[in-house]
Amino acid sequence: MIDKMLLSGNEALARGAYEAGVTIGCGYPGTPSTEILENLVNYQGVYTQWSPNEKVALEVAAGACWAGARSVVTMKHVGLNVAADPLMTLSYLGVKGGLAVIVCDDPGMHSSQNEQDTRHYARLGKIPLLEPSDSQEAKDFVRFAMDISERFCTPVIIRSTTRISHSRSLVSLGERAEQGQKPFFVKDPKRFVPVPVYARQMKVRVDKRLEELASFASIHASNKVLRMGAGLGIITSGIAYQYARETFPDASILKLGMSYPFPDKLILDFSETVESLLIVEELDAFLEEHCLALGLKVEGIKHRPKQGELDLDRLEGMKMSFCTSHNIVCESKGSRDIDMKQESAAALPPRPPVLCPGCPHRGIFYELRKFKPVIIGDIGCYSLAVFPPLEAMDTILCMGSGVSSTLGLEKSGTEQKVVGVVGDSTFFHSGMTGLLDIVYNKGTATILVLDNRTTAMTGHQEHPGTGRTLMGEETVCANIEEIARALGVRHVKTIDPYKLSEVRETLKEALDLDEPSVVISRRPCLLLKKTERGRPFSVANGLCEGCGACLKLGCPGLEMEKGKEKGFKVRINQMLCVGCGLCAQICPKDAFVRD
């Protein structure tokens, strides 16, 4: 057996779940968390599934843990907003088998619509929180989570971040801890049914449990003190520990692996051994505010940026700010180089993300913007339609809002046409209830479902409409047309987004209706392995007059080159063209021909 492997944090979390004896893994894909379940599915003895959304995933795991099975649920930070409803009450009901909610935050918003700190959910739900600082701890902390969960009858949150999830480090592997007892649910209404008379007693138990967990956190092995000098002491957790240890090599460090409930005794004991305290943490002043509440004189957020993820350059700036404010002489590691990098980065031309060549969404937005409706967007590849030249996205809020918010805008009294845009995976995630709301409350908006047969933006995961499970098994393929009609929509049309005249006529018909309508654009994502590509196009000699009509598609395969006279001509990059034919349908001179 291999003793050590180089693993990413997500791979290590999956390995940790396997070694901890987890038998159920549920989640919804979302960067940076997606690869956890994609790796867990490869281990024998673990049932894994993509759920329609994070709320459902947590509820499935809760049902399993009540029978004694060890379970994990995976999601990104905004997914926890969706799962917060069951999580808050699950804290009251507790668990039998261990349950870990693995949440991956995205500081810097590399692939997210906001930047939020999951640690607040732990405090809100009175739930213990673990924060690994590397891949080894990511693996080990899943075992810790199972032990804590079962010992204290509570769900446990494991908080990762983009840097932990996607960075690799060496991990020592262990054996799987098989659970000997077969799952069996024992009926106990006073424990599992939170009607008010029972829930009040549950709350008493939760508060008592939190006190016990706080004492436990002060002695837990994941909380460590690294003794160095008696001058500066740093309290930190997660990836911030790695940066702090490198930037402040002479400082003593209190590294919190179990950072909530706050280990007050450990924090107070550590504070007495140093002259000054600096809190190094990512995003909010979560630890800092609690240390101040304990009466400690600490500093932190005023010396670092309030937005974005930490890195060594930012920690170097934090160090210089702290030293300057305390009249301490300290060496800077290349602050001049840092400034130079910032200047050179600012000088680079912007390079916004674009829809892929031949993306089936492109033709939809090209035609939709001609009708000048208010376009309510959603989370997915189609979010990129906001950028020039398409500029066909007016708002984005959260998963499912591309449907729900259309009704609100319509009911505001505006006379504008309103169109909601949602992907196929997002439709199953949280779009169906919004569509029911439109029908029930007599809305008239048009909802566009962009069905590219996958959850594309997070890496092509299966969903209820693909006919295949995460474990590769064939299953029922949910039909969007039938669901829309079952919800009460009478006008449901399906179109091929590569046929622009069909797109135009169908959109016009739907927008002219005085009732709700659903238009389903169906073409598989070009990046799916089984998707066939057409023969590429080229520009016939002498026919292009440089009118630029085709460039309004924003296709990366269309390039400009200088003509022999003034102006420019268009050429097609043969390496990028997938033969979708949209440019040929737009060109007024029929300059595009198929090779």
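Taking the criterion of being out of contact with any Leu (no Cβ under 6 Å at 6 or more places or on another chain), assigned to a helix (DSSP H, G or I) and not acidic (Asp, Glu), would at least one residue in segment 435-455 satisfy it?
Yes, segment 435-455 has at least one match.
Kindly check whether there is at least one residue in segment 53-72 that is in contact (Cβ under 8 Å) with a residue 12 or more places away in the chain, assigned to a loop (DSSP other than H, G, I, E, B) and either in contact with a Cys (Cβ under 9 Å, 6 or more places away or on another chain) or among the hydrophobic types (A, V, I, L, M, F, W, C) (or both).
yes
Does Ala177 qualify as being in the same structural domain as Ser276 (by TED's automatic domain parsing), part of a loop (DSSP other than H, G, I, E, B), at pLDDT below 95 and surrounded by fewer than 17 Cβ atoms within 10 Å (Cβ to Cβ)? Explain how you work it out, then say what you get.
Details: in the same structural domain as Ser276 (by TED's automatic domain parsing): no; part of a loop (DSSP other than H, G, I, E, B): yes; at pLDDT below 95: yes; surrounded by fewer than 17 Cβ atoms within 10 Å (Cβ to Cβ): yes.
The answer is no for Ala177.
Based on this model, can you work out whether Leu507 counts as aliphatic (A, V, I, L, M), buried (at least 17 other Cβ atoms within 10 Å of the Cβ) and modelled with pLDDT of 95 or more?
Against the criterion (aliphatic (A, V, I, L, M), buried (at least 17 other Cβ atoms within 10 Å of the Cβ) and modelled with pLDDT of 95 or more), Leu507 qualifies.
(1) at pLDDT below 90; (2) over 23 Å from Arg163 (Cβ atoms); (3) outside any loop (DSSP other than H, G, I, E, B): which one isn't true of Gln342, the others all being true?
With (1) at pLDDT below 90; (2) over 23 Å from Arg163 (Cβ atoms); (3) outside any loop (DSSP other than H, G, I, E, B) applied to Gln342, the lone miss is (2).
Restricting to segment 184-238, and then to whatever is of a type in the set (Ser, Thr, Tyr) and under 26 Å from Gly94 (Cβ atoms), can you tell me which residue is surrounded by the fewest Cβ atoms within 10 Å (Cβ to Cβ)?
Ser215
Please work out if Gly108 is on the phi > 0 side of the Ramachandran plot, surrounded by fewer than 20 Cβ atoms within 10 Å (Cβ to Cβ) and of a type in the set (Gly, Ala, Ser).
yes
Here are some residues: Thr469, Thr494. Which one is under 15 Å from Pro360 (Cβ atoms), polar (S, T, N, Q) and in contact with a strand residue (DSSP E or B) (Cβ under 9 Å, 6 or more places away or on another chain)? Break it down stepwise before answering.
Values: Thr469 fails: under 15 Å from Pro360 (Cβ atoms).
Of Thr469, Thr494, the one residue that is under 15 Å from Pro360 (Cβ atoms), polar (S, T, N, Q) and in contact with a strand residue (DSSP E or B) (Cβ under 9 Å, 6 or more places away or on another chain) is Thr494.
Can you spot a residue in segment 178-193 that is under 17 Å from Gly238 (Cα atoms) and either in contact with a His (Cβ under 9 Å, 6 or more places away or on another chain) or in contact (Cβ under 8 Å) with a residue 12 or more places away in the chain (or both)?
No, because not a single residue in segment 178-193 is under 17 Å from Gly238 (Cα atoms) and either in contact with a His (Cβ under 9 Å, 6 or more places away or on another chain) or in contact (Cβ under 8 Å) with a residue 12 or more places away in the chain (or both).
Among (1) in the same structural domain as Asp311 (by TED's automatic domain parsing); (2) modelled with pLDDT of 95 or more; (3) within 21 Å of Gly295 (Cβ to Cβ), which single condition is Lys255 missing?
(3)
Could you please find all residues in segment 98-133 being of a type in the set (Gly, Ala, Ser), more than 22 Å from Ala221 (Cβ to Cβ) and not in a helix (DSSP H, G or I)?
Once the filter is applied, which keeps residues that are of a type in the set (Gly, Ala, Ser), more than 22 Å from Ala221 (Cβ to Cβ) and not in a helix (DSSP H, G or I), segment 98-133 yields Gly108, Ser111, Ser112.
What do you reckon, is Glu150 more than 24 Å from Ala67 (Cβ to Cβ), out of contact with any strand residue (DSSP E or B) (no Cβ under 7 Å at 6 or more places or on another chain), of a type in the set (Asp, Glu) and modelled with pLDDT of 95 or more?
Here the answer is no, as Glu150 does not meet what is asked.
Is it the case that some residue within segment 142-156 is of a type in the set (S, T, N, Q), within 22 Å of Thr236 (Cα to Cα) and in contact (Cβ under 8 Å) with a residue 60 or more places away in the chain?
No, there is no match, as no residue in segment 142-156 is of a type in the set (S, T, N, Q), within 22 Å of Thr236 (Cα to Cα) and in contact (Cβ under 8 Å) with a residue 60 or more places away in the chain.
Given the condition crowded, with 22+ Cβ neighbours inside 10 Å, among the aliphatic types (A, V, I, L, M) and free of Cβ contacts under 8 Å to residues at least 40 places away in the same chain, answer yes or no: does some residue in segment 85-102 qualify?
Within segment 85-102 (the criterion being crowded, with 22+ Cβ neighbours inside 10 Å, among the aliphatic types (A, V, I, L, M) and free of Cβ contacts under 8 Å to residues at least 40 places away in the same chain), the answer is no, since none of the residues qualifies.
Is it true that some residue in segment 146-159 is basic (Lys, Arg) and in a strand (DSSP E or B)?
Yes, there is a match, as at least one residue in segment 146-159 is basic (Lys, Arg) and in a strand (DSSP E or B).
The values are calculated or read from the model by the stated rules, or taken from the named source; none is laboratory data. None of these values were measured; they are calculated from a predicted model. Reconstructed Cβ throughout: ideal geometry from the backbone, glycine too, with neighbour counts over all protein chains shown.
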